[in-house]
Amino acid sequence: MSVEAEVDETPLLTKLSEITHVPVAELGDATELDPTSWESIEVLDIIAAIDESYGTTVPVQRLTACRSLGELRQLVRSAAAQ
Amino acid sequence: MMPATKAAIAAIASYLPEGRLSNDALAMELGAWTAGDILQKTGIAERRIAADDECASDLGVAAAQKLFASCACTPDEIDYLLFCTQSPDYFLPTTACLLQDRLGLRTSIGAIDFNQGCSGFVYGLSLAKGLVETGQARNVLLITAETYSKYINRRDRSVRTLFGDAAAATLVRGVEADRELLGPFVFGTDGRGANNLIVPTGAARRARTPESAAEVEEKGSWRSQDDLYMNGAEIFNFTLKAVPAAVQELLARSGRALDSVDHFVFHQANKFMLDRLRTKLGIDPARFSLELESCGNTVSSTIPIALERAALPAGKDVMLVGFGVGYSWAAAMMRTV
């Protein structure tokens, strides 16, 4: 089964919506992110949401380097595929 | 299985120092968070803090004296002392030697320190089991004690809100039984995570200097190279990978299903992490200890404190999982006696 088929992004998108104040329906690959400005607890929330959505973890340095949802998705999918 | 000598946890007594650090006090000092914020984020309302002149050995002595006062055993009956700490009184001698003297234990016992953090209790149980079941000892006193507060910068909210000082004394005794009462065990080590929870200076690798004492700010927390540093996000990442895998491996090794385990006692790191692990593993809250509100994360003593407070009746199968600094982790099954 492919990674895509197993993914439910709802936890990740819900948490990102809370942090960015962008409605879930408006979140897309082009949505800009600035994880370096997040509170430490928000980073933990996103790590938990990535784990819940994709069943994987990503290095924190690479997570905080993402500048868009598209970059984050690419990072997470790459980790999940390994 | 024919009856044979099997190691079992016979008694536990814990000790918390008198000093208290409440969320109200932290909120006043640290500013950014309210007492309610801290409770919600960590699950901790209060930590107990050792006095300036109170060391891990002092906490350990108090815990062991409580154990002896409970009539679980006498000091004369102890054959071996295992002392787990990362905040020893001295570089040398071994703190266990000091404890032998202060507790009035026989001079014919074995006594060693071992340096482990949050996995230390489970590692100590494995060492105790080995000593008991190979006939080297009948009664092993396992003491875990930490004073991490001495390593923490007062202005570092990332760790000051989490850690508390404590000690626990656990009696591991050989009893005649026709089944395992402690074990099997699963162990894990990954030193690539060493820098994510560390006191960088003060030992042989890096001396303390005026430069290392310089404090820097990161996301509202201040610390120097002489202070405890924790990369909480990477520790969380590690935990999400290592702990569920260890649980599954232990279940496989013990031939069990998750539902057949009566109770789970994980290292009490913080509520956020424990909630995520419990949910991920599909364990219902009633069978899962959450015991850190009144004492915080006490490192190697969290599991024995939670076990003591759970007060489980005899005959219960319990899974213990320790994980953290190192990285180091260990899981074990135990049956209450």
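For the protein assembly as shown, what proportion of DSSP beta bridges, expressed in % and rounded to the nearest 5, is antiparallel?
Values: 43 of 59 bridges.
Percent antiparallel among DSSP bridges in the protein assembly as shown is about 75.
Using only C-alpha positions, report the orientation-averaged shadow area of the convex hull of the protein assembly as shown, nm², one decimal.
21.7
Give me, ordered by chain and number, the residues 5 or more places off B:Gly19 or on other chains with an amide H under 5 Å from its own placed amide H.
Counting only residues 5 or more places away or on other chains, the set is B:Ile49, B:Ala51.
Can you divide the C-alpha Rg of the range B:1-41 by 2.2 N^0.38 Å and report the result to two decimal places?
2.34
So what is the relative contact order for chain B, in percent, with contacts set as C-alpha pairs under 8 Å and at least six apart?
25
Below 10 angstrom from the Cβ of B:Gly19, what's the summed charge of the other residues (Lys, Arg +1; Asp, Glu -1)?
Once positives and negatives cancel, what remains is -1.
Label-point separation (nm) for B:Ala32 and B:Glu293, each offset 7 Å from Cα along Cα-to-Cβ?
A separation of 2.6 nm, rounded to one decimal place.
Give me the mean projected area, in nm² to one decimal, of the convex hull enclosing the Cα positions of the range B:242-294. If you can, show how the numbers build up before the last one.
Numbers: hull surface 14.8 nm².
Mean orientational projected area (the range B:242-294, Cα hull): 3.7 nm².
State, to one decimal in nm², a quarter of the convex hull surface area for the C-alpha atoms of the range B:72-128, i.e. the direction-averaged projected area.
With every direction weighted equally, the projected area is 4.2 nm².
Looking at B:Ile38, B:Ala269, B:Ala96, which one has the Cα that reaches farthest to the positive end of the dipole of chain B (charges on Cβ: Lys, Arg +1; Asp, Glu -1)?
B:Ala269
With the Cα gyration tensor of the range B:263-337 giving a ≥ b ≥ c as the square roots of its eigenvalues, does the rule (a/c under 1.5 for rounded; else a/b larger than b/c for prolate; else oblate) give rounded, prolate or oblate? Mind dumping the intermediate values first?
Working: a/c = 1.36, a/b = 1.28, b/c = 1.06.
Because its axes are fairly even, with a/c under 1.5, the range B:263-337 counts as rounded.
What dipole magnitude, in Debye to the nearest 20, does the range B:164-280 give about its Cα centre under +1 on Lys/Arg Cβ and -1 on Asp/Glu Cβ?
240
Using only the alpha carbons, work out the radius of gyration and Dmax of the range A:4-71 in angstrom.
Here Rg and the maximum Cα pair distance are 11.1, 32 Å.
Just name one of B:Leu307, B:Ala332, B:Asn297: the one whose Cα is farthest towards the positive end of the charge dipole of the range B:265-337 (beta-carbon charges, Lys/Arg +1, Asp/Glu -1).
B:Ala332
Let me know the charge dipole size of chain B about its Cα centre in debye, to the nearest 20, where only the beta-carbon of Lys, Arg (+1) and Asp, Glu (-1) is charged.
680
Enumerate the amide H contacts of B:Tyr229 below 5 Å, restricted to partners 5 or more residues apart or on another chain; note that Pro and chain-start residues carry no placed amide H.
Those lying under 5 Å, H to H, from B:Tyr229 are B:Ile198, B:Val199.
Among the lysines, which have Cα under 27 Å from the Cα of B:Lys129 when same-chain residues fewer than 8 positions away are ignored?
In chain and number order, the partners are B:Lys6, B:Lys66, B:Lys316.
Charges only on Cβ, +1 for Lys and Arg, -1 for Asp and Glu: so what's the dipole of the protein assembly as shown about the Cα centre, in debye to the nearest 20?
940
Return the sequence-ordered ³J(HN,Hα) values of the range B:127-132 in whole Hz as given by the Karplus equation 6.51 cos²θ - 1.76 cosθ + 1.60 applied to θ = phi - 60°, using x for Gly and Pro.
Karplus values, whole Hz, x for Gly and Pro: 5, 5, 4, x, 5, 6.
Residue-wise, which Karplus ³J(HN,Hα) couplings in Hz belong to the range B:150-160, taking 6.51 cos²θ - 1.76 cosθ + 1.60, θ = phi - 60°, and x for glycine or proline?
Here the 3J(HN,Hα) series is 6, 9, 9, 5, 4, 9, 9, 5, 5, 10, 5 Hz.
For B:Lys271, go through the lysines and keep the ones whose alpha-carbon is under 21 Å away, minus same-chain ones fewer than eight residues off.
Partners found: A:Lys15, B:Lys41, B:Lys241, B:Lys280.
Using the Cα atoms as the points, what is the convex hull volume per residue of the range B:117-259 in Å³?
So the per-residue Cα hull volume is 158 Å³.
How far, in nm, would the chain grow between B:Val337 and B:Thr107 when pulled straight, counting 0.36 nm per residue and subtracting the alpha carbon separation?
Length gained between B:Val337 and B:Thr107: 79.9 nm.
Taking each residue of A:38-49 in turn, how many C-beta atoms of other protein chains fall within 10 Å of its C-beta, and what is the average?
5
Taking amide hydrogens as modeled 1.01 Å from N in the peptide plane, which residues meet the under 5 Å criterion relative to B:Ala11, leaving out close sequence neighbours?
Here the answer is B:Leu171, since their amide H atoms fall under 5 Å of that of B:Ala11.
Quick one: grab the alpha carbon gyration tensor of the range B:182-258, order the square roots of its eigenvalues as a ≥ b ≥ c, and give me rounded if a/c is under 1.5, else prolate or oblate depending on whether a/b is larger than b/c.
Prolate.
Quick note: the coordinates plus some simple rules give every number you see, no bench work behind them. Source: prediction; values computed, not measured. Positions of Cβ are backbone-derived with ideal geometry, glycine not excepted, and every protein chain shown enters the neighbour counts.
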